[in-house]
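Trainee: Please find one structure pasted underneath; my questions will follow.
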Amino acid sequence: MNVAVIFPGQGAQAPGMGLELAQAYPATAGAVFRAADGVLGYRLGRLIAAGDQRLLARTELTQPALLAASLAAWRALRAELPRLEPACAAGLSLGEYSALAAAEAVDLAEVFRLVSWRGRYMEEAARATPGGMSAVLGLERSAVESICAGTTDAGFGQVWVTNYNAPGQNVIAGVVTAVTEASSRVVASGGKVVPLKVNGAYHSPLMTAARQRLAAILATTPWRTPLFPVYSNVTARPHRGVADIVLGLAAQVTSAVLWEDIVRDMGARGIETFVELGPGKTLAALVGRILPGARVLNVYDQASLRQAVAALGHYALGVVS
């Protein structure tokens, strides 16, 4: 059975995420939070436990918190199933960093340093160049692309499709006037719009300043070849080496997330089971829309971990196929 591990992006965060597993597995999952504390200069576990939604919604705090919760879930799963060797991994947006850390392409301290700066740079870019984002439901990608192009051409400002999440589920981002006009055109075309509670146009060219600043840090980070293939959000294909990782993570800040394409490519390569590691079930729902026959498991607390271990129990016996 071919298994892929997948990691959620910003928006999946929840109070208390990862802490139950960190307590239950102090040597593995707990070590993630200790590594974070040594880099960030504050107690990440306390921030998550406090459950202040306003703080957890701040990009520069959300990103390391979600990274920690996702890696805690991964390490808890590996503690129970040490023979588990994923065929590949992927993460949505921030989740790509989680996937690379899980594949040991980067040290824990380094990845927390990276996402801390990434979150800060993106937040500062959003303040300098305000924008908006909206989820678009019920229209296929070509229709949404056409609406965005038409809105920009009509002089309302720039707007792009920035997330291709699943059939009939995409995200647009751009200057506020353009997102508002494009949203009206979506509704007129029979689609539904859900405004996202963000102040920036993430994964769009409006994040160019953040990309440029992050690129310099990525280039000086010590990377290694991943232990298993990790997909790029930008190309929807596995990274081909360290140089590809550096370029891809920088480009990701201003490029569309090709999640639907990633999952389809995994399916074409024979992936049968997906394990989402981290809070929520957002990616599980998207995978179900993209590959209706796929089996999707979740690991975010001890109960879900037990269920995943039972479903993947043949790895505990050393029988992998």
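The values are calculated or read from the model by the stated rules, or taken from the named source; none is laboratory data. What you see is a predicted model; the values in this text were computed from it and never measured. Methodologically, a virtual Cβ is constructed for each residue, glycine included, from the backbone with ideal geometry; neighbour enumeration extends over all protein chains shown.
Trainee: Residues that are among the hydroxyl-bearing types (Ser, Thr, Tyr): find the helices (runs of 4 or more DSSP H) completely inside the stretch 72-178 holding 3 or more of those.
Mentor: 141-153
Trainee: Still on this structure: Which of (1) more than 22 Å from Thr225 (Cα to Cα); (2) of a type in the set (S, T, N, Q); (3) part of a helix (DSSP H, G or I) is the odd one out, the single condition Gln13 does not satisfy?
Mentor: Condition (3) is where Gln13 drops out.
Trainee: If you check Leu77, Leu44, Leu61, Leu71, which single one turns out to be buried (at least 21 other Cβ atoms within 10 Å of the Cβ) and under 13 Å from Pro279 (Cβ atoms)?
Mentor: Only one candidate qualifies: Leu71.
Trainee: So, one more: Kindly provide the set of residues from the stretch 286-303 that are free of Cβ contacts under 8 Å to residues at least 60 places away in the same chain and either farther than 8 Å from Glu276 by Cβ or of a type in the set (Phe, Trp, Tyr) (or both), ordered by number.
Mentor: Gly288, Leu291, Pro292, Gly293, Ala294, Arg295, Ala303
Trainee: Would you check if there is a residue in the stretch 140-150 being under 30 Å from Val275 (Cα atoms), among the hydroxyl-bearing types (Ser, Thr, Tyr) and touching a residue at least 40 places away in the same chain (Cβ under 8 Å)?
Mentor: No: zero hits.
Trainee: Which one is surrounded by the most Cβ atoms within 10 Å (Cβ to Cβ), of the residues in the stretch 211-264 that are closer than 17 Å to Gln10 by Cα and of a type in the set (S, T, N, Q)?
Mentor: Step by step, filter the stretch 211-264, then rank; the result is Asn233.
A quick yes/no check of all residues on (1) modelled with pLDDT under 85; (2) in a loop (DSSP other than H, G, I, E, B); (3) of a type in the set (Val, Ile, Thr):
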position: Ala35; (1), (2), (3): no, no, no
position: Tyr42; (1), (2), (3): yes, yes, no
position: Leu47; (1), (2), (3): yes, no, no
position: Arg54; (1), (2), (3): yes, no, no
position: Gln63; (1), (2), (3): no, no, no
position: Ser70; (1), (2), (3): no, no, no
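Trainee: Would you check if Ser142 is small (Gly, Ala, Ser) and assigned by TED's automatic domain parsing to the domain that holds Leu277?
Mentor: no
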